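Novice: If you scroll down you'll find the structure; I have some questions about it.
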Protein chains: 2
Amino acid sequence: MIENDIFRALADPTRRAIFEKLAAGGMNASALRKGMEISQPAMSQHLSVLRSAKLVREERQGRFVNYEVDPEGLALIAQWLAKYRAYWPARIEALKVLLKDMDQ
Amino acid sequence: MIENDIFRALADPTRRAIFEKLAAGGMNASALRKGMEISQPAMSQHLSVLRSAKLVREERQGRFVNYEVDPEGLALIAQWLAKYRAYWPARIEALKVLLKDMDQ
DNA sequence: GAATCGCATAAGTGTGTGCTTATGTGTAGG
DNA sequence: CCTACACATAAGCACACACTTATGCGATTC
């Protein structure tokens, strides 16, 4: 179940940090490691987990592999979240900002 | 960090099932167990995790404890998701539905 | 007030997870 | 070619996690 992969992938703070970094712009695995105190195999493993969760996708470029955010994973989270919209009115004020951002 | 608690809480399929059940209407821990093949301590532990993630809140009623969805956790997920809205246009069609639901 | 009920907590156990070191695979360059 | 490079994979290990059984605790009921 992909839903499980997504939440499990995001459960790790290091992986969320990697994802956040990629959200600022695609880059390869080595560039991702800079300023992150993480070994090369660990980064590779994290990227593998993010990839199978559809949160990230790869694009081979010579001997580099460029990674970027995959919108599919984000959309799946949004869908999951939408199931519970019945409880959002209680927080509707805080979400008005989000609504406007999304509507642009 | 609460963000970590939330994603870690949702990483477990049993906990997501409990949350989904509560989303259909608040109930106590015993009622939640029905049709779920889960021991009483396990349920109690899962509810404890969901509680500290602000996904669920409790309300004592005599010797029962009524649980219900806490909108705060959902709102925090929405906020996290909003950070990556830049990648949503690629999936905007699928999200139009969500937008309309939220706008009601 | 003793027994029962609803739930929480403690302690122990098997499995999963994230890391490490070591090695493999494919590409680029001299 | 042969070396260096970017990355993936394998194997092993320490720790976290979800479960179990046992017990505690407050509220109800008789």
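Novice: Within the range A:15-27, work out how many residues are surrounded by 13 or more Cβ atoms within 10 Å (Cβ to Cβ) and over 10 Å from the mean Cα position of the chain (by Cα).
Specialist: 2
Novice: In addition: Which residue, of B:Val56, B:Val65, is of a type in the set (Val, Ile, Thr) and near DNA strand C (Cβ under 8 Å from one of its atoms)?
Specialist: Testing whether each residue is of a type in the set (Val, Ile, Thr) and near DNA strand C (Cβ under 8 Å from one of its atoms) leaves just B:Val65.
For every residue, the table says whether it meets (1) in a helix (DSSP H, G or I); (2) farther than 26 Å from A:Trp88 by Cβ; (3) away from DNA strand D (no atom under 16 Å from the Cβ).
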| position | (1), (2), (3) |
| --- | --- |
| B:Ser30 | yes, yes, no |
| B:Gly35 | no, yes, no |
| B:Ile38 | no, yes, no |
| B:Pro41 | yes, yes, no |
| B:Gln45 | yes, yes, no |
| B:Glu59 | no, no, no |
| B:Asn66 | no, no, no |
| B:Ala75 | yes, no, yes |
| B:Ala78 | yes, no, yes |
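Novice: Taking the options B:Arg33, B:Arg8, B:Arg51, B:Arg15, name whichever one is among the basic types (Lys, Arg), in contact with a helix residue (DSSP H, G or I) (Cβ under 7 Å, 6 or more places away or on another chain) and closer than 30 Å to A:Arg16 by Cα.
Specialist: B:Arg15
Novice: Any idea which of A:Leu98, A:Leu22 is within 13 Å of chain B (Cβ to nearest Cβ), assigned to a helix (DSSP H, G or I) and at pLDDT 90 or above?
Specialist: Being within 13 Å of chain B (Cβ to nearest Cβ), assigned to a helix (DSSP H, G or I) and at pLDDT 90 or above holds for just one of A:Leu98, A:Leu22, which is A:Leu22.
Novice: Please pick out the residue among B:Ser30, B:Ser44 that is away from chain A (no Cβ under 13 Å), near DNA strand C (Cβ under 10 Å from one of its atoms), surrounded by fewer than 18 Cβ atoms within 10 Å (Cβ to Cβ) and over 24 Å from A:Asn4 (Cβ atoms).
Specialist: So the residue among B:Ser30, B:Ser44 that is away from chain A (no Cβ under 13 Å), near DNA strand C (Cβ under 10 Å from one of its atoms), surrounded by fewer than 18 Cβ atoms within 10 Å (Cβ to Cβ) and over 24 Å from A:Asn4 (Cβ atoms) is B:Ser30.
The values are calculated or read from the model by the stated rules, or taken from the named source; none is laboratory data. Since this is a predicted model, take the numbers as computed values, not measurements. Glycine also receives a Cβ, built like all others from the backbone with ideal geometry; neighbour counts cover every protein chain displayed.
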